[in-house]
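The values are calculated or read from the model by the stated rules, or taken from the named source; none is laboratory data. Quick caveat: nothing in here was measured; it's all calculated off a predicted structure. We place every Cβ from the backbone using ideal geometry, glycine too, and count neighbours over all the protein chains shown.
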Ligand code: FA5
């Protein structure tokens with residue numbers, strides 16, 4: 001038995017040198033020092049086979065072996081943890097941490113959310129409609145039958161002869177009216193629009209619009225005016241001046257363009273406002289009686305106003321950005337400046 005103990009000592013110590021990490025060290029501990037099935041325990045269980053006169057010597061040898069293995073185990077454990085301790089000494093834990101770079105919301109998203117917040121205070125809810133739209137809704141139900149000259153106002157991407165990438169969010173007016181009729185409506189309809197037109201500093205082929213629509217009894221142009229003034233003052237500052245210019249859209253009557261005094265030059269005239277003192281913020285008007293009818297509302301009972309704004313243009317005015325192409329060219333040096 002004493003030879004067995006000697007043999008165990010040798011293999012255990014050899015094995016211990018092979019344990020190269022804490023997991024292997026633990027395996028070693030279980031294998032040799034484990035209380036239930038460890039090799040040392042197995043050896044001690046064999047004491048009954050040792051002649052009585054040799055038991056005391058065997059017991060003492062087994063005990064010494066146990067202490068030796070335990071000490072060897074602890075020494076190896078200390079040895080293995082040393083590199084980590086050494087490494088810790090080379091780290092200056094008093095240094096400030098490296099900043100984690102976080103993404104941020106795109107300027108268009110920020111602007112849209114700001115607009116939603118302002119219109120929500122006025123009772124407008126957000127509703128979204130498809131970007132791929134039928135020609136019927138994009139044009140026909142908005143008073144532009146095939147070959148109507150006003151279609152030229154929107155250079156169109158056709159998916160097929162009956163389906164277009166919507167050129168504006170105005171078809172959402174019909175969709176919302178048909179959804180809510182005969183209830184009163186106060187909604188904003190944001191989304192992407194597409195136009196087959198040359199990309200310039202002011203125009204993209206893909207851009208956002210926020211359509212607004214209010215339908216009910218006794219809604220007048222004064223309501224539209226109040227809504228636009230309130231929006232301009234909340235978005236750009238309390239002293240903003242707003243003016244309405246006559247315009248033409250086939251789906252509104254009367255139609256207007258809404259301008260705001262230039263926030264850069266305060267009406268004096270500068271490059272941003274092309275020296276007019278005013279910048280356009282949207283197209284708008286009273287919903288045409290035929291469009292109300294197409295949406296299911298009786299124009300003798302109901303009236304409504306609608307507007308269509310470009311959030312990129314709103315952001316350009318607000319942040320003095322002179323080129324819309326910066327929005328979607330994915331240059332983080334530009335995008336990182338906002339928010
Ligand atoms: C329209 O699209 C009308 N549907 C607006 C409307 C709605 C009128 C409801 C009456 C009632 P317009 O083409 O002017 O109108 O576009 C509206 C706004 O979209 C513009 O003022 C501008 O801010 C934005 N916009 C238009 N084209 C572009 C473009 N290519 N790039 C960026 N923004 C654009």
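Taking (1) in a loop (DSSP other than H, G, I, E, B); (2) near the ligand (Cβ under 10 Å from one of its atoms); (3) in contact with a strand residue (DSSP E or B) (Cβ under 7 Å, 6 or more places away or on another chain) in turn, residue 308 satisfies each apart from (1).
Quick check on the range 246-259. Is at least one of its residues away from the ligand (no atom under 12 Å from the Cβ) and over 20 Å from residue 320 (Cβ atoms)?
yes
Of all the listed residues (133, 127), the sole one being within 16 Å of the ligand (Cβ to nearest atom), in contact with a helix residue (DSSP H, G or I) (Cβ under 8 Å, 6 or more places away or on another chain) and under 23 Å from residue 113 (Cβ atoms) is 127. Working only within the range 250-288, note down all residues that are in contact with a strand residue (DSSP E or B) (Cβ under 9 Å, 6 or more places away or on another chain), in a loop (DSSP other than H, G, I, E, B) and in contact (Cβ under 8 Å) with a residue 60 or more places away in the chain. Selection gives 251, 288.
For residue 300, the stated conditions do not hold, so it cannot be described as at pLDDT 95 or above, touching a strand residue (DSSP E or B) at 6+ places or on another chain (Cβ under 7 Å) and either buried (at least 16 other Cβ atoms within 10 Å of the Cβ) or in the same structural domain as residue 183 (by TED's automatic domain parsing) (or both). When the range 221-240 is filtered for residues that are exposed (fewer than 15 other Cβ atoms within 10 Å of the Cβ) and outside any helix (DSSP H, G or I), the ones remaining, listed by number, are 237, 238, 239.
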